2 protein chains.
Amino acid sequence: MCHTVAVTERIDHTLRGRWTPTTAQLPPHALRWLRQRTGLAEVRTPARTPAVPASALSDTAHTALDAVVGPGFVRVDRDSRLGRAGGLSYVDILEQRGDGALAVPDAVVLPGSPEQVVEVLRTCAEHDVAVVPFGGGTSVVGGVAALRGDKAAVIALDLARLDRLVSVDPVSRIAVLQAGLPAPEAEKLLAPHGFTLGHVPQSYERATIGGFAATRSAGQASAGYGRFEDLVEGVRLAAPVGEWRLGAAPASAAGPDLKQLVIGSEGAFGVITEVSLRVRPRPVVERYEGFAVDGWARGSDVVRALAQRRVLADVTRLSDVDETEVSLSLAGGWKTAALKTYLRARGLARPCLLVLGWHGASEDEVRRKRRETVRGLRLVPLGRPLGEAWRHGRFNGPRQRDALMEVGVCVETLETATHWSRVSELRAVVREALRDALGDCVVMCHISHAYETGASLYFTVLTARSVADPIGQWQVAKAAASEAIAGLGTISHHHAVGRDHAPYLETEIGALGLDVLASVKRTLDPTGVLNPGKLLPSGLASRT
Amino acid sequence: MCHTVAVTERIDHTLRGRWTPTTAQLPPHALRWLRQRTGLAEVRTPARTPAVPASALSDTAHTALDAVVGPGFVRVDRDSRLGRAGGLSYVDILEQRGDGALAVPDAVVLPGSPEQVVEVLRTCAEHDVAVVPFGGGTSVVGGVAALRGDKAAVIALDLARLDRLVSVDPVSRIAVLQAGLPAPEAEKLLAPHGFTLGHVPQSYERATIGGFAATRSAGQASAGYGRFEDLVEGVRLAAPVGEWRLGAAPASAAGPDLKQLVIGSEGAFGVITEVSLRVRPRPVVERYEGFAVDGWARGSDVVRALAQRRVLADVTRLSDVDETEVSLSLAGGWKTAALKTYLRARGLARPCLLVLGWHGASEDEVRRKRRETVRGLRLVPLGRPLGEAWRHGRFNGPRQRDALMEVGVCVETLETATHWSRVSELRAVVREALRDALGDCVVMCHISHAYETGASLYFTVLTARSVADPIGQWQVAKAAASEAIAGLGTISHHHAVGRDHAPYLETEIGALGLDVLASVKRTLDPTGVLNPGKLLPSGLASRT
């Protein structure tokens, strides 16, 4: 349930919008099950209209920005501004639904070229205007919150017009893509060349190339295609001090890998305008299958074995007992009942669902890859329909979330990663922290990204929403989970730091790490206009 | 011929020494061939004793350092200092053989723990002493040249005493190794646990774990095991401002990957004291085979296909026509003659040697891997003896080089990498630059590291050494090659930047890249004691 995507239709097709009231509904049996598990009351909690303050952008700044991007590309109307107010975290959506104070940008600026992005940043530095780079707006960590820091105003720098496939090098299998391209558009442009990025996070339907790079994205098929940072051959960054291009070779010993400093910089060092990416031939065959294993310990051992034997399926996803139970309960119907019976008959007391998916150039290749993955594991096969069901619903999390929010549910996800020897301990302490903080709740967990040395853990939480203080309710739980994570794993495996994880970064990278990031930021963004309050804790950029 | 290693025996076993006069000799037929190809005269050019100036380390600094590392671990004797004077480039060895001015450190300091390294750095910062971190001393780019910059004195910080295997996590397959461990010692310590790093550069016999990390090393089997930076799960860095530890998880989106800023920092940001490394089960079976392909274009297409199909052998190494001819000519004997006849009979007018090697847990696994690699390629098999001959001689380059230096040969290597669409152009321009600069010479080239998007190019040059100005002769050629590389590929694929490539770094990473590196250096090493003149062009650390 990595949050994403246009829930509904009211989208400005040129420029993309933000969260809008949902029309999605939960099936009755799912709602019944949820009430039983969390004590949820029979309420409806419809959205209210959020307040939008007047724009604080000065006329001189507006005029100067108009001169850079051209008339019509500096927008101060309510819908444009509201459409770039925050991302898609639970708290963001509460705010967008009228709970709590929503930070709204003073203007939306739409540059038409990488050169214009540099000029916009210079202009903003000159006029004391903060800049929040905005791609698909799918951040779930406050990464695109319209914070102005100590600046007089804040704009959302929407990259929607940077939507070109710049070049394809079919010999080297590298494509240069502009940052504002949403992932599906990028795939459409690559398809005639026979290539794919194979990057499919849950935010796929809406997230952009630049956003993937800025946040070190990982996709559902990253076991096969690599994390987004593994795909990046080069970057073009616009900073207030000028343009920076990196990426001379597939590998290099010419000093530190500065690309890896730009990837994950979350708009705090500059705005990524173009990315050179490794592409692969589009798969001809995709095959997804469900399997069951008995219990979390056995399940995670299986995934570890696959990673360490280097035969992971391109998609490898293990649900814990709770997530498996919830998936089956929400699915409902006679097929699910039959499946439960079958699992009991096979002696699986605590079934964990394992979805495996393989991509290939032919049925033969996919069969061969499948054989290598499953060899010797004695998995209980559940068949292709279950795998296909997962594939079919892979982007549904956000829509389900919106439906849940209509009926008084607190629903959110969080994630981490650690080394194998601590995976189960980390899962246990995060579950405990969430349960202690929230009381009656459902905590589900899955591994969706496995490595030779460790794995990610992705948690989904459902509980009855506090009427008095829905935002505070979640913030307490999130803080408890984050404190449980800090020191045992990374504060984020693929959601990034944004505003929400910034307080925990020091535990992970040390005070020296923060100092280094701050020194890089001062070099590239001396007046600190870029994405204030994200990545680095507020005020740090001026420290040392 | 990636330079390395103890040529001879006169080594201080505790502390390791440096280049010493060679006893190796070229076989007569090889010398005859060389004279014919390069117009080499019949001379002997024996080494002379280099001048060693008096130590400039002040008594107060000496006393302060003694207090940190304990008596006996600050050495100012001639042999200790001479033993850490420079690395193993051709120019380094000329200087060590008495040609040109050799920069000799004023003292050798041997800290006994990571904590002591921090204290040594603080003490040096306090006493205006530059610090050159010293591992195996195998740099071929001036990375360990004893430059003092603007400091009063310079020490070699020899990490030889940091030689522990700190811990092994067999579940996560991670080992923590201290930086001063030479690679063979590291392997000996890992072997009882059943693990290997699989990192085998030509410098293997002498290079250290810390050096691998500091220079972004790549090994002969990196296609199978990954480049060294791919193995690094965490680092511990000692800087004048304190200790910095990184590495919470196998993958993370918690901001930029700062590990990748430490890896490749070449002692300019701090001294790497410990590295957490991914380890693999030791292979039970290793199989090497020789193959031939007709011509460079076809050969590089084959390697590209292997990389893009993701079926590279663990060792994949393609020699160009010249390197193939030289290898066969130097080998000599009736077997070689028979091989040449066989190649002609198979219709290979311009044979290129392709060595492939596979590692595995069983004969079955190796056979399976081999089958996937060679499928559909129609390679001309030359058999296992040829592969084994390569394996047997894989560390011999430096020894051959030393023998060549005794008989008046100028012999050096250089390397780069680029994307596939530019590989052949880059090879051509570098060959041309070297030939223009050197006149009669042999230029050989191979690909030893291939990626989906590109490959490395490794050049070896042989020519008659200038008597009047042997150092100037090579510097002109190196500059010409470096200028040919800059803009087309990386200035180094695995040798690093050091002193020799520093002038070309700006073309690769831009002025902003240099500014960013300088800002990081100022944060971690505010007084600039660490490895002056390496990585960053001199004086840059104080810029902006």
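None of A:Met444, A:Met405 is part of a helix (DSSP H, G or I), touching a residue at least 24 places away in the same chain (Cβ under 8 Å) and farther than 24 Å from B:Leu231 by Cα except A:Met405.
Any residue at all in the stretch A:506-520 that's touching a helix residue (DSSP H, G or I) at 6+ places or on another chain (Cβ under 8 Å), under 30 Å from A:Ala238 (Cβ atoms), outside any helix (DSSP H, G or I) and among the polar types (S, T, N, Q)? No, every residue in the stretch A:506-520 fails to be touching a helix residue (DSSP H, G or I) at 6+ places or on another chain (Cβ under 8 Å), under 30 Å from A:Ala238 (Cβ atoms), outside any helix (DSSP H, G or I) and among the polar types (S, T, N, Q). Residues in the stretch B:507-525 that are among the charged types (D, E, K, R) and either without any contact (Cβ under 8 Å) to a residue 60 or more places away in the chain or open to solvent by 10 Å² or more (accessible area, probe 1.4 Å) (or both): B:Glu508, B:Asp515, B:Lys521, B:Arg522.
When B:Glu412, B:Glu425 are checked against the criterion of being more than 14 Å from chain A (Cβ to nearest Cβ) and either assigned to a strand (DSSP E or B) or open to solvent by 10 Å² or more (accessible area, probe 1.4 Å) (or both), B:Glu412 stands alone in meeting it. Of all residues in the stretch B:247-259, those satisfying the criterion of being open to solvent by 20 Å² or more (accessible area, probe 1.4 Å) and facing chain A (nearest Cβ under 7 Å) are B:Ala248, B:Pro250, B:Ser252, B:Asp257.
Do we find a residue being assigned by TED's automatic domain parsing to the domain that holds B:Pro381 and closer than 30 Å to B:Arg173 by Cα anywhere in the stretch B:331-348? Show your work before the answer.
Taking the stretch B:331-348 and keeping what is assigned by TED's automatic domain parsing to the domain that holds B:Pro381, we get B:331-348.
Narrowing further to those that are closer than 30 Å to B:Arg173 by Cα: none.
Scanning the stretch B:331-348, I find no residue that is assigned by TED's automatic domain parsing to the domain that holds B:Pro381 and closer than 30 Å to B:Arg173 by Cα, so the answer is no.
Here A:Tyr504 meets each of (1) open to solvent by less than 10 Å² (accessible area, probe 1.4 Å); (2) within 19 Å of B:Arg245 (Cα to Cα) with one exception, condition (1). Got at least one residue in the stretch B:421-436 being within 28 Å of B:Ala268 (Cβ to Cβ), touching a Ser or Thr at 6+ places or on another chain (Cβ under 6 Å) and not assigned by TED's automatic domain parsing to the domain that holds B:Arg97? Looking for residues that are within 28 Å of B:Ala268 (Cβ to Cβ), touching a Ser or Thr at 6+ places or on another chain (Cβ under 6 Å) and not assigned by TED's automatic domain parsing to the domain that holds B:Arg97, one finds at least one in the stretch B:421-436, hence yes. Screening A:Ser217 on (1) over 16 Å from A:Val315 (Cα atoms); (2) facing another protein chain (nearest Cβ under 10 Å) shows it passes everything except condition (1).
Checked against (1) open to solvent by less than 40 Å² (accessible area, probe 1.4 Å); (2) more than 30 Å from B:His359 (Cα to Cα), B:Phe395 passes all but condition (2). In the stretch A:456-499, the qualifying residues are those that are of a type in the set (Val, Ile, Thr) and over 17 Å from A:Gly100 (Cα atoms), and the one that is farthest from the other protein chains (Cβ to nearest Cβ) is A:Thr463.
Scan the stretch B:502-517 for residues that are of a type outside the set (A, V, I, L, M, F, W, C) and facing chain A (nearest Cβ under 7 Å) and report the count. Working first, answer last.
Looking only at the stretch B:502-517, we keep the residues that are of a type outside the set (A, V, I, L, M, F, W, C), and these are B:503-504, B:506-508, B:510, B:513, B:515.
Filter once more, keeping what is facing chain A (nearest Cβ under 7 Å): B:508, B:510, B:513, B:515.
Qualifying residue count, the stretch B:502-517: 4.
Condition first: of a type outside the set (Gly, Ala, Ser) and either outside any helix (DSSP H, G or I) or touching a Pro at 6+ places or on another chain (Cβ under 8 Å) (or both). Now tell me which residues in the stretch B:387-402 satisfy that.
So the first thing to find is which residues in the stretch B:387-402 are of a type outside the set (Gly, Ala, Ser), and the list is B:388, B:390-392, B:394-396, B:398-402.
The answer is B:Arg394, B:Phe395, B:Asn396.
Residues that are more than 30 Å from A:Val117 (Cα to Cα), at least 2 per element: which strands (runs of 3 or more DSSP E) completely within the stretch A:211-311 meet that? Before you say what the answer is, go through the steps one by one.
On the way: elements: A:232-239, A:242-246, A:271-278, A:285-294.
Passing ranges, in order: A:285-294.
The set of residues from the stretch A:264-273 being at negative phi and either open to solvent by 20 Å² or more (accessible area, probe 1.4 Å) or at the interface with chain B (Cβ under 7 Å from one of its Cβ atoms) (or both) comprises just one member, A:Ser265. Scan the stretch A:366-381 for residues that are farther than 18 Å from A:Ser448 by Cβ, over 29 Å from the mean Cα position of the chain (by Cα) and hydrophobic (A, V, I, L, M, F, W, C) and the total you get is 3. Tell me the residue from B:Leu162, B:Leu181, B:Leu189 that is open to solvent by 10 Å² or more (accessible area, probe 1.4 Å) and either away from chain A (no Cβ under 14 Å) or free of Cβ contacts under 8 Å to residues at least 24 places away in the same chain (or both), please. Residue meeting the stated conditions: B:Leu189.
For the stretch A:477-491, the condition holds for at least one residue, the condition being that it is closer than 26 Å to A:Arg298 by Cα, open to solvent by less than 30 Å² (accessible area, probe 1.4 Å), part of a helix (DSSP H, G or I) and not β-branched (Val, Ile, Thr).
The values are calculated or read from the model by the stated rules, or taken from the named source; none is laboratory data. These numbers were taken from a predicted model, which means no experiment stands behind them. Here Cβ is always computed from backbone atoms with ideal geometry, including for glycine, and neighbour counts include all displayed protein chains. All accessible areas refer to the heavy atoms of the entire protein, side chains included, with ligands and DNA or RNA removed. Shrake-Rupley method; radii C 1.70, N 1.55, O 1.52, S 1.80 Å.
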